[in-house]
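To start, the structure itself, in C-alpha cells.
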Amino acid sequence: MVSLRRKVALSALALGLIGLVALFFLFRASMQQRATSEIAKLLAGGEWGRITYSSLTVDMRLGITLQDAALIPAGSARPVLSVSEARISVSLWDLLRKRKSVAVQIALRRPRLRLTYLGGGRSDFGPLVNQFRAAKTSDSPIRRLGLSFQDGKLTIALTPAARRELAEKLYASANQVDGAIAALLDKAASRWSVVWDEQLRHSLRDAISASLPAVPAQFELELSGSSSYEVGKERFSSRFTLASPLNGKFSISTSGVGGFQLRATGIRFRPSSPPFSLKPSRLMDPGDAEIAVSRFALTREGEAAPTLEADVIVENLTLLPRMPNPLSLTKLSLGFRQEKASASVVGTFGAGSISAKWSRDGGDSLDLNLRKFRLCDTVSSVREVAAQELSLQLIGRRSSTGNPTLRGKLTLAGVSFRGEPVADEAYVEGSLETGYRLASALTRDGRRILKLGAKGRKGKGQFSLDANLRRRDVPGDLLAGLPGMEPLQELRGHFTGDFDLDSRKATISASGMALKTAATTIECRRGNAELTLASAGAAAIPSIAATLHSVFASFPWTQATVQELELTASREEFAVRAGDVSLTFEDATAKTGRWQKWLPREAGLGANLQGTATASGWKLSGGLEGKLSGESGKLAGQMELAGKWPDVQIAVRLGGFIRERPLVAQLAGFYDGRRLTVAESSIDYGSGRVELSGGIDPMSQELLLSYQAEGFELAQLAPGRGLSGKLSSSGRASGTFSHPVVTGTLWLPEADIDCGAIRLPISRATSSFTLSGKRLELRGASLQLMGQVIFLEGVIAPGALRLSLWKDEYSPSQLVSALASGGFLGWQGTGKLSASLAGSFDDLRYRASYEQKGGALNQTALDEVRIRLRGDWHTLNLEEALLRSGEASLALTGSLELGGVCPANWHLQMSDFPVELPASVVPLGKRLALRGRVCGELSGEGGLARPRLTGALEVVDASLLETPFSRIRLAFASAADGVKIEEFTAESEESFVTASGFWGYRSEDTLINLEVPLLDISLFSPLMPEGLGSLQGELGITFLVTENARGEPQLEGTFQSAGAEGLLLGSAHFDRAQGRLTYRRGVIELHEVTLMADGSRLRVSGELPIPGSSRSLDVHVASRDFALAALRPLIPVKGLEFGGKLSSDLTISGTWGNPQLSGHADVDAEELSFGDRFRASRLVAAVEVQDNEVNSVSGQVFFGPSGDGDATGAAENFISFEGSGRYNSARADFDELESRVELSHLSHL
C-alpha cells in the first residue's frame, strides 16, 4: 500500500515535473520568441537609427547573435558600422528580472567602422554617442560593458566642408608658426644686427606652406583589441593592436575623476607610408625615415599633473631638405622617466656634422659637437661680421646643488667684415668652474694677428692682448671714418693688466705699440695707466693716472717726438700735459715739394690743459704755444671746452705768424650730444679769409657746412708753380665725413701762369662745381686765356676723367706770339676750337681740332688752316696740320714721343711756302732775318733726344743778313750715330758757300768742312755795331766745324783777303788781312790776325764776342810804326787830317756798347790839319790809359815851315802839353779833361 502510494506519488511528481518542464520549455520558447520579436523590433529602428542583419539568433541565457549586421544612424542611408558577426553575451533573464548588475560582453568579428566628419565638431556618429550618454544616465541595469573585436577596420571620411575647415585650421597654424619664426628672426636682426640669408625667411615660409599635408577624403586603420566600461564607477579600459598601416600595441584606461593612463609599446611606422603618406617637401623629406616608440606612458592621478614616460627613436629623417643647410637626422633618441630625461642626436647639418647628448637626473649634462657648419648659407652677417664655417664644442654640467661647469670652443672659418676678409680662422675657448678662463685668437695665412686672454675669479682677474695687424687684416670700411688710418700698413702692440671689479680699479701696461699707414707712423715704446671707476651714477670722472713714454709720430708733413705725455684725473679735476713736443718738417719737404714753401724745418710745441667736472657741468681750458724754426713763425692760442654733457660749448683762438704771413683763427661751436653747430668761425691767413657756419653730426657723420673763401693767393696755395692771382670760392659741404659732397662756385678775377719762356694771362675764370668723394664735376666753366674766352665742362675723377673745351671764334694770335719768342710769328684770323680729355690721370687720352678759313701768318695770306691731333701722356699723334695759301702749302703729320717712351715718326712737306724768320730767333735782332720760299720734305723718327731725320730743302728768293741769295739748298740723312750733311750750298751774286760732313750724336764724332772760296764780307755788315759803318772786301775762308764736350758747335780755321782792293772795315782801309780764328760758345778767339796798310802791320789777338751779346771783350792790339793814316776814319772828328806812325800795346775790355781801353801808345803824327783853322807840322805824344781813364798824356806840337827841327832846340817853334782825363766811349767825348799847356817855346802860328 505504502509502496503503491509511493509509486503513485512518484508518478504524480514525475508527471508534474514533466509538466513543469514542458511548461518551462513552452514558456521559454514563448519568451524567446517574444524576446526575438522585441529585439527584431528594436533593431528595426528608433531615434538612434536602425540595425540591419541577415539572421538573428536570440538565446535567453547566452545572448544575441547577429550575422552580417550593419548599424545605420537615423537620417543616414549609409551604415557606420558593419560586422560579419556580432555576439552580444548577456542573460536576457537577468534583464527581464531587472537585476541590479548586468554585464554585457560584445564580440565583433571583422568589424568595419566608418565615421564621417561633418565639420564644426560634428560627425554622423554623434547621435549614437548622445543616445549612449542618455542611456547611461537612465535606470539601466547594465553596469559593465565589454567589447572585443578582431580583424577590424576603422575608416574616417571627411565631407568637403570638413576638409576645408581642417585645411583652414592647418593654414592658420602654419601662419602662427611662420609669424613666430619671423618675429624670432626680426628680434635677432634688431638686437644683435643679424643679417639672415635673404632667401631664408622666404624659404622657411614656403617650406611651411608647401609642407602642409593635403586633408584626405578618408583614412583607414586595421586593428584588433578589447575594451571594458564600468558604468557606475566611470572606469574605462581598452587594449588594441594595430596591424596596418601602423604597428604596435596601445592601451588606455581611466579611473576616477580626471585620472587616466595611456600606454603604447612596439610602435613602428614610416611617415612616407599610410596613413600619413607624407611626400618630400621643403619642410621634410621622409624618405626612408622610421619612427619607433618602444615605450610610451602618459599617466594622470586625479587632478595632479600628468607624468610622461617615453622612449622614442627617429631614424633617417631630413628636415628642410631644400635649404642650403638641410638637417639630416641619422638617429634622434628621446627618453623620459618622470623627473629624468635624456636626448641625443647624430646627423649632418649641411656639409657639417652634429652630435649632441643631454640628460637630466638630479642635474643637467650637455655634450654638443657641431663641425664645419656652413654658417654663411644661413646667416649672412652678425653686426656686419660674416663667417663661412662654424664649429662648436660644448660640455656643460650642473649638479643638484646648482653649481655649473662649462667648457667649450667656438671656431669660425673664413671671417670677413663688410665683405672684406679678416681672418682665415677665429676661435674662442674657455671654461667656467670655480673661476673662469678665456682665450681667443685670429689667424691669417698661418700668422696670428690678434690674441686675447683673460682669467680670474670673483671679480678679480688679469688680461692680455697681443695685436699684430697688417693692411690686409683690417677691412677698409672699418677705417673709413678714421682720418689718416687708410691705407693701414701695420698695427701692433702688447697689453697686459689686472682688474678688481669690487674696488672698481684696473692697472694697464703696454709696450711695443705701433701704428703705421702709407703716410703715418705712430710708435710708443711703453706706457702704463691706473684707472679707478667712479661710482655708478656719479657725474665725476674716473680717477686716472696715465703716462706714455717716447712717443714718435711721422706724418706726410711732419715728424713729432713726445718724450712724455701725462694724463691725470681725480674727482672733479683733470689735467693733460704734453711737454717737450718736437716737430720736424725736413723729411716731409723732401718727399713732397708742394709743401716745401709752406712748412718750416722744425717746431717746438707745448700744451698744458686743466679741467673740472661736476654734476652741474665740466670745463676744459688751457694754453697752446708753438715756435717754428728760424723766422718761420710762432703760434699761440687758447682752447676752452665747457658745458654739461652732452651739451658742450667749444671755443678755440689761435694767432701768430707762419712764413711771415699772419694767421688768426677763431673757431666757435656748440655740441648738443648729437650735432656740432659751427658759428662765427673764421680763419685769416695772409691775404685770404675763410668763414664757416653750419653743423656736423659726429654719430651719423652727416655734415652741412657753408663756407666763404676769398683772397687766397695762387702762389701761396701752389708754390713753385709760376702761378699768380687770387682765388675765391663759396658753397656748402654736405653728405658724410666718409662721403662728403661739396657744391659751390669758384672764381678767379685775374691770374698769370709763368711757363718760363712765356706768361699766360688768365682772367674772369669762373665755374660751378660739385665735389663728391674724389669726383669733381665742373659745370658752366669759362675763362679768358690771353684775351680769348674758352668754355669747358666735365668730370675729373680717379680713373674717370672727362672734360670738354670749345670756342667757336677762337683767335690763336696771342698764343702764337707768346709761343714764338719775340713775336716773330704774327697770326691773324679766327676759327673753331674743340678739345676733349678722357681716361684717367695715369691713362690720359685727348683729342683736339682747330679749323680756320682765311687769316694770315706774318705777311702770308692763308686760305685754310686745319689741325687735328690726339694723344696720351706718352704720344702725341698729329693726324693733320695743314696751312694753305693759294698754291703754296705746309703739311705736317706724324707722332711725337713724350717722355722718351715712344718713338717719333713725322713728315713735313712744304710747297713754295713763304717763310720769314726774323731776328728775334737769335739775340742779334733784325740783322739775322731769313726770308724766302721753301720747297721740300722732312721726315723724322725716333726719340726727341736723337731723332733720325732725312730731308731736302731748298729756299729760293732768299734773303739772309739783308743780302739776297738766289738759292740755299740743304740735303741730309740720319745715321745711327748722327746726321750726315750731304749737301749745303748758298749762292749769291758775290758769294758762294759750301759745306759737307757729319754731325754726330757724340761730340767727338762731329766734323764738318765749311769752305767759302769767295765771300763778300759786306754780308756781315748788319752784324757790326752801329756807328762803325759797313764792311767791304772779299775773303777766302776754310773752317772745320766740331762740337765741344757739351755738344755746342765750335769752328776753327783760317782766312785771308782775296781781292786786290783790300778790306774796308767801316771807314778804315787795310791793304791786306789774314789770320786764324776759333769760334766757341758765341765768342770769336783771334789768333795771329794781321792787318796791313802802307807796308806796316797791326796785330790783333784775344776774345771777341759776337756783337749784340752781353759777353765781355778781351782784345790785345800791338803795333810798331803802323801807318796812322789807316786809322784816321775811326776817329769821329770832321776835318781832322794827319799822317805818321803809331806804336802801341793796348787792351780792349768791356762790351761792344761800352768798350774799355787800357795800355800805352806812342804817337808820331805828321802834317796835322783841322780844316783852315789849324795846322801843325808834327805831333809827338805818349799816352797811358787804364779803363778809359787817361792817367797821363804828354808831348809837343811843332809849328813852322818845315816842322823837322830838333825838338830840343831853342830856336824851334812848339807847344808842350800834359794832362789827364776820362773818355766816354758811348758819347765819343771826354767826360773830364784836365790839361796844362806850355807856350814858352811858341814863336808864331
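Points to keep in mind about this one:
- Furthest towards positive pole of dipole, A441, I395, S380, structure part the stretch 343-446, Cβ charges: I395
- Net charge contributed by nearby residues that have their C-beta within less than 10 Å of N858 (K/R +1, D/E -1): 0
- Straight-distance crosslink candidates among aspartates and glutamates, where the alpha carbon sits under 16 Å from K832 and sequence neighbours closer than 8 are dropped: D808, E809, E851, D863, E864, E880
- The loop-placed trypsin sites (Lys or Arg not before Pro) in the stretch 1154-1201, going by DSSP, that have at most 15 neighbouring Cβ atoms within 10 Å of their Cβ come out as R1173.
- Fully extending the segment from R1128 to Q859, taken as 0.36 nm per residue of separation minus the present Cα-Cα distance, adds 92.4 nm.
- Potential extension, E880-A182 segment - 0.36 nm per residue separation minus Cα distance: 244.2 nm
- Summing +1 for each Lys or Arg and -1 for each Asp or Glu among the other residues whose beta-carbon sits under 13 angstrom from that of D361 gives +4.
- Dipole magnitude (debye, nearest 20) for the stretch 317-385, charges at Cβ of Lys, Arg, Asp, Glu: 180 debye
- Long pairs among K331/K409; K458/K516; K249/K340; K451/K516, criterion Cα-Cα beyond 28 Å: K458/K516
- Amide proton proximity set for G1150, modelled H, under 5 Å, gap of 5+: L1113, Q1156
- Charged neighbours of F250, selected by a Cβ distance under 9 Å, balance to +3 (K, R count +1; D, E count -1).
- A straight line joining the Cα centroids of the stretch 303-360 and the stretch 381-399 runs 20 Å.
- The stretch 1078-1092-the stretch 858-884 distance, computed between alpha-carbon centres (Å): 44 Å
Read-outs: derived from the displayed coordinates by stated rules, not from any lab. Remember, predicted model here, so these are calculated numbers, not experimental data. No Cβ is skipped: glycine too gets one built from the backbone with ideal geometry, and neighbour counts run over all protein chains shown.
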